[in-house]
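Chemist: Structure below; questions to follow.
The values are calculated or read from the model by the stated rules, or taken from the named source; none is laboratory data. Everything quoted here is computed from the prediction, not taken from an experiment. Cβ sites come from the backbone with ideal geometry, for glycine too, and all protein chains shown count toward neighbours. Calculation scope for accessible area: heavy atoms of the full protein, side chains included, ligands and nucleic acids excluded. Shrake-Rupley method; radii C 1.70, N 1.55, O 1.52, S 1.80 Å.
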Amino acid sequence: MKRVLVVEDEQSIREMIALNLSMAGWEVLEAGSAEKGIQLLQTAGPCSVALLDVMLPGMNGFSLCETLRRDNPDMGIIILSAKSQESDKVKGLSIGADDYMTKPFSVNELVARLEALARRVQRSQPVRGEDQDQLVSGPFILDERSRILYKNGTPVDLTQVEFQIMELFFKNPGTALVREKILKGVWGENYFGDVKIVDVNIRRLRMKVEDQPSDPQHILTVWGYGYRWSPEGK
Ligand code: CA
């Protein structure tokens, strides 16, 4: 499915983007506000990629990004901003955007980045192996029946908690997961322990999963937030 949601309130920019994307073979859903964008997704169905302007009337692009990310963990999201401050970029990426572009931009570059993101999103989704109980993510296979993780075909010994964290990562590739979400996802809604237990387990997981635990390629830290799984390496 080559379908993209474009949320941009400046009509001329939105139309220019939509025109170029449809010429490149995309089905484009256009929205002039975040609210309209959410509504479109509900009525027209899912998109593989969303392009979000930051400065919008009503809900801004960052809030929209968080909302979309919550409901669509597999969607690729590009933030488009007039601001070129690094802090905006960091914010965009930490709340779950996959890429970030500043205005003014080259429309050819935009189309190219969107295509690249769509391919990446598709590839990084966990595919069921020949065996239905296996989840595949990059060079890793998670066998849910035997509860064994394989890295390049070699079994990696995990605790049940570590295995559950990996399951969560595999099902949310490329997505920044806040510590609290990992805590709730693995230890359950009723666990009121400290989120530090997440960090402790991540440290142990890196020792087992990464070639160089001090320079992780797959279990990436999102500063002040949590962790992100990169199937193909960073
Ligand atoms: Ca705008």
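Chemist: If you build the convex hull over the alpha carbons only and average its shadow over all orientations, what do you get for the chain? Give it in nm² to one decimal. The partial results should precede the final answer.
Modeler: Numbers: hull surface 55.4 nm².
For the chain, averaging the hull's shadow over all directions gives 13.9 nm².
Chemist: Plugging the Kirkwood radius over Cα pairs into Stokes-Einstein for the stretch 143-197, at a temperature of 4 °C and a viscosity of 1.567 mPa s, what D comes out in µm²/s?
Modeler: 106 µm²/s
Chemist: I've got another one for you. Calculate the tail of P(r) for the stretch 41-103: the fraction of all Cα-Cα distances greater than 13 Å, expressed in %.
Modeler: 58 percent
Chemist: Tell me what the chain gives for mean residue ellipticity at 222 nm when only DSSP H runs of n ≥ 4 count, each as -39,500 (n - 2.57), the sum divided by the residue total, rounded to 500 deg cm²/dmol.
Modeler: When only DSSP H runs of four or more count, the value is -13000 deg cm²/dmol.
Chemist: On to the next question. Normalised radius of gyration for the stretch 127-234, please: alpha carbon Rg relative to 2.2 N^0.38 Å, two decimal places.
Modeler: For the stretch 127-234, the normalised Cα radius of gyration comes out at 1.01.
Chemist: For the chain, with all protein chains present and a 1.4 Å probe, just round the carbon and sulfur fraction of the accessible area to a whole percent.
Modeler: After summing per-atom areas, the C and S share lands at 50 percent.
Chemist: Taking the stretch 1-114 on its own, what percent of its Cα-Cα pair distances exceed 17 Å?
Modeler: The proportion of pairs with Cα distances above 17 Å equals 48 percent.
Chemist: Continuing with this model, one more query. Multiplying the sequence separation of I197 and F105 by 0.36 nm and subtracting their Cα-Cα distance, what value in nm do you get?
Modeler: Full-extension gain reported as 28.9 nm.
Chemist: Which residue, S137, S81, S22, has the most motion in a Gaussian network model of the chain that connects Cα atoms within less than 10 Å?
Modeler: Residue with maximal mean-square fluctuation among S137, S81, S22: S22.
Chemist: Treating the Cα atoms of the stretch 176-234 as identical point scatterers in vacuum, please give the log10 of the normalised Debye intensity I(q)/I(0) at q = 0.20, 0.26, 0.27 Å⁻¹, two decimals.
Modeler: Summing over Cα pairs of the stretch 176-234 leads to -0.74, -1.10, -1.16.
Chemist: Apply 1/(1 + (r/R0)^6) to the Cβ-Cβ distance of D157 and E115, taking R0 = 41 Å, and write down the FRET efficiency to the nearest 0.05.
Modeler: It comes to 0.55.
Chemist: So which lysines can K196 reach, going by Cα to Cα under 18 Å and dropping same-chain residues fewer than 8 places off?
Modeler: K181, K184
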